[in-house]
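Single-structure report; data block below.
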Amino acid sequence: MFAMSNDLTSKESTPPDDPQGKIDKVLLIPGFCEPPLFLWPLKVSLQRHCDDVQLWPDRMIFRNLEKSVARLQSTLQEHRSSGSIALVTHSFGDWIARRAITESRSHHVSSLVSIAPVMQAGIVPDLLHHATGNVIPEIAVMGDPLRANCDADVDANVRRLVIWANIDMYVRPVELDENSAATVHHLVGSHLTVAMQPNSLRLITQFLFPTSDIP
């Protein structure tokens with residue numbers, strides 16, 4: 001059952017104009033232990049405004065992190081259309097996306113939506129880290145503050161929306177650099193529900209497609 005939510009607080013700054021033109025491809029990057037269908041409501045919502053919305057395939061757990069980053073990096077570099085790519089990530093998927101953007105020479109990413117991104121571990125990953133050590137690669141990253149927070153501000157040329165859940169046992173909110181052009185929202189919801197709540201879907205759609213007719 002989804003939690004009811006409202007936009008309690010927001011910190012907004014005006015992002016730079018998209019230099020690469022309209023968004024013609026959206027990739028959805030799922031998080032740790034999340035089946036692709038988890039982001040299906042988001043996919044359906046965004047398909048109303050973009051013909052090419054794809055769930056990016058990756059292992060749910062025990063990823064080879066270097067290979068995951070390299071595969072996404074390759075996908076970003078191969079895109080050569082007249083438009084640009086938007087990445088919408090949840091949880092650990094954002095860590096993969098940030099690493100891929102940082103390591104790409106030409107990534108064609110114009111916008112990044114980070115939903116409950118991994119930058120600082122919450123209670124659940126901390127407990128899993130103490131219980132399993134570094135056996136699970138994703139937990140090893142979340143258990144290391146420096147690795148978890150790497151590339152937190154990404155590329156300054158990428159428009160960014162960050163959505164935090166106010167009731168989140170998996171990640172803790174992190175203050176971005178004061179010079180960051182990111183738009184930040186704190187919503188009532190859990191780590192999981194915040195990726196599919198109507199207000200989140202509306203925020204994401206408005207951010208990616210500001211000229212669209214959104215109810």
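The values are calculated or read from the model by the stated rules, or taken from the named source; none is laboratory data. All values reported here derive from a predicted model rather than from experimental measurement. Cβ: placed from backbone, ideal geometry, glycine included. Neighbour counts: every protein chain shown. To get the accessible areas, we keep the full protein, side chains included, count just its heavy atoms, and leave off ligands, DNA and RNA. Shrake-Rupley method; radii C 1.70, N 1.55, O 1.52, S 1.80 Å.
Quick notes on this one:
- Boolean, Ile85 is under 16 Å from the mean Cα position of the chain (by Cα), at pLDDT 95 or above and among the β-branched types (Val, Ile, Thr): no
- Count of the range 31-53 residues which are buried (at least 16 other Cβ atoms within 10 Å of the Cβ), of a type outside the set (Gly, Ala, Ser) and within 18 Å of Leu208 (Cα to Cα): 8
Residues checked against (1) out of contact with any Gly (no Cβ under 9 Å at 6 or more places or on another chain); (2) within 27 Å of Asn134 (Cβ to Cβ); (3) open to solvent by less than 40 Å² (accessible area, probe 1.4 Å):
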| position | (1), (2), (3) |
| --- | --- |
| Ala148 | yes, yes, yes |
| Arg159 | yes, no, yes |
| Ala165 | no, yes, yes |
| Asp177 | yes, no, no |
| Ala182 | yes, no, yes |
| Leu187 | yes, no, yes |
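- The range 197-215, subset among the aliphatic types (A, V, I, L, M) and at pLDDT 95 or above, residue nearest to the chain's Cα centre (by Cα): Ile204
- Filter result (of a type in the set (A, V, I, L, M, F, W, C) and touching a strand residue (DSSP E or B) at 6+ places or on another chain (Cβ under 6 Å)) within the range 52-75: Val53, Leu55, Trp56
- In the set Val118, Val154, only one residue is in contact (Cβ under 8 Å) with a residue 24 or more places away in the chain, crowded, with 20+ Cβ neighbours inside 10 Å, on the phi > 0 side of the Ramachandran plot and part of a loop (DSSP other than H, G, I, E, B); that residue is Val154.
- If you filter the range 54-102 down to residues that are in a helix (DSSP H, G or I) and among the acidic types (Asp, Glu), you find that the one that is least open to solvent (accessible area, probe 1.4 Å) is Asp94.
- Looking only at the range 49-66, and only at residues there that are free of Cβ contacts under 8 Å to residues at least 60 places away in the same chain and out of contact with any Lys or Arg (no Cβ under 7 Å at 6 or more places or on another chain), the one that is farthest from Ala100 (Cα to Cα): Asp51
- Looking across the range 147-183, the residues that are touching a Leu at 6+ places or on another chain (Cβ under 8 Å) and farther than 22 Å from His107 by Cβ come down to Trp164, Ala165, Asn166.
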